[in-house]
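Student: My structure is below; once you've seen it, I'll send some questions.
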Amino acid sequence: MTGPDGARRGSRAPYLFVAPAVLLFLAFLAIPIGYALYLSLRGLRLTGGGIFGTRQEVFVGLDNYARTLADPDFLAGFGRLALYGLISVPLTLGPALLFALLLDYAGARGRRFARTAIFLPYAIPGVTASLLWGFMYLPSTSPFSYLTQELGLGEIPFLTGGGIYPSLANIAVWGGVGFNMIIIFTSLRGIPAELSDAARIDGASEWRIAWHVKIPLVAPALVLTGLFALIGTLQVYGEPTTLKPMTPEISGVWVPLMHIYTSAFSRDDLPLASAASVILAVGTLVVSVVLLKVTQKRAFGGMS
């Protein structure tokens with residue numbers, strides 16, 4: 001029989017196992033978020049007047065939020081994100097689903113090599129990938145522009161005008177398709193083979209099996225990858241920052257995260273940057289919740 005000491009030790013065991021995760025959550029998530037909220041309500045004001053005035057941090061309430069929401073550069077960054085997302089999100093999910101369905105096809109060959117080849121770009125760090133593609137975009141080093149110039153078609157405007165959006169989206173697509181493909185392919189492998197076999201016996205083609213059997217059953221994986229792609233779009237920073245020295249089209253406040261970085265480290269205004277960070281975080285949360293609600297309603301509506 002277990003004595004009182006053993007019972008007490010058993011009752012403490014779950015808390016001991018959970019404690020490391022709770023400490024990490026507090027240290028790297030809860031406390032930084034709380035400090036960001038605190039900073040967003042503060043502001044830097046000049047006190048003393050004249051040339052001998054000093055900057056002091058004072059409570060300003062929601063003033064930083066009002067300034068951020070009234071900043072045309074910050075709001076324009078969301079417009080650029082929308083154009084970027086309209087290109088990158090569908091092109092990230094569509095090929096990933098197609099590759100996953102092809103790899104799940106019973107007659108597919110070289111699956112292991114294909115999975116590795118498709119997933120490999122995701123293993124390359126985003127900054128490295130941006131640099132590699134940046135050199136392929138520059139007119140002086142681009143092999144694509146070299147070919148078009150040899151054909152008399154002129155250079156391809158990768159980094160000028162509207163071409164900057166598909167150029168940036170291409171980097172995200174190149175690196176993100178493999179990750180999404182693995183998630184969708186894993187979900188496909190969890191579908192019982194009997195469902196596809198029954199559909200084949202009924203005379204359904206592979207296309208009909210994919211459209212009417214497989215895709216509906218992997219809808220949760222599609223929602224998950226779509227949510228990841230959407231959050232990644234709202235948090236775009238590395239690609240435009242890496243390409244910024246290569247083109248005048250990208251400014252220091254081109255997307256919201258670049259605006260936050262500029263406010264914090266170039267303008268030395270951490271309270272304003274904290275307010276912008278909170279707005280971006282809340283916006284990301286709202287968009288994520290709305291997406292989940294919409295997809296859940298469609299899923300349950302289709303089941304009813």
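Student: With all distinct Cα pairs included, what does the Kirkwood hydrodynamic radius of segment 72-172 come out to in Å, to one decimal, could you say?
Tutor: Radius from the Kirkwood sum: 16.1 Å.
Student: Could you work out the relative contact order of the chain? I mean the mean sequence separation of Cα pairs under 8 Å and 6+ apart, divided by the number of residues, in percent.
Tutor: Normalised by residue count, the contact order of the chain is 25 percent.
Student: How would you rank W133, W211, going from fewest to most other Cβ atoms within 10 Å of each one's own Cβ?
Tutor: Least to most surrounded, the residues fall as W211, W133.
Student: Report the per residue volume, in Å³, of the convex hull enclosing the C-alpha atoms of the chain.
Tutor: In the chain, the Cα convex hull volume per residue is 267 Å³.
Student: Ok, one more. Quick one, what does Rg over Rh come out to for segment 253-300 if you take C-alpha atoms and the Kirkwood Rh?
Tutor: Rounded to two decimals, Rg/Rh equals 1.25.
Student: If I model a spin label as a point 7 Å beyond the Cα along the Cα-Cβ vector, how far apart are those points for V294 and R208 in nm?
Tutor: Distance between label points: 3.2 nm.
Student: F119: net charge of surrounding residues, Cβ under 13 Å, Lys/Arg +1, Asp/Glu -1, itself excluded?
Tutor: Residues near F119 contribute +3 overall.
Student: Same structure again: Ranked from highest to lowest mean number of other Cβ atoms within 10 Å per residue, what is the order of the peptides 18-27, 223-232?
Tutor: 223-232, 18-27
Student: Sticking with this structure for a sec: With n ≥ 4 as the cut-off for DSSP H runs, can you work out [θ] at 222 nm for the chain, using -39500 (n - 2.57) per run divided by the number of residues, rounded to the nearest 500?
Tutor: Roughly -22000 deg cm²/dmol at 222 nm, from the helical runs in the chain.
Taken together, the values in this text are just the output of simple stated rules run on the coordinates, not laboratory data. Computed from a prediction, not measured in an experiment: that's the story for all the values here. Quick reminder, even Gly has a Cβ in these numbers, built from the backbone with ideal geometry, and neighbours come from all protein chains shown.
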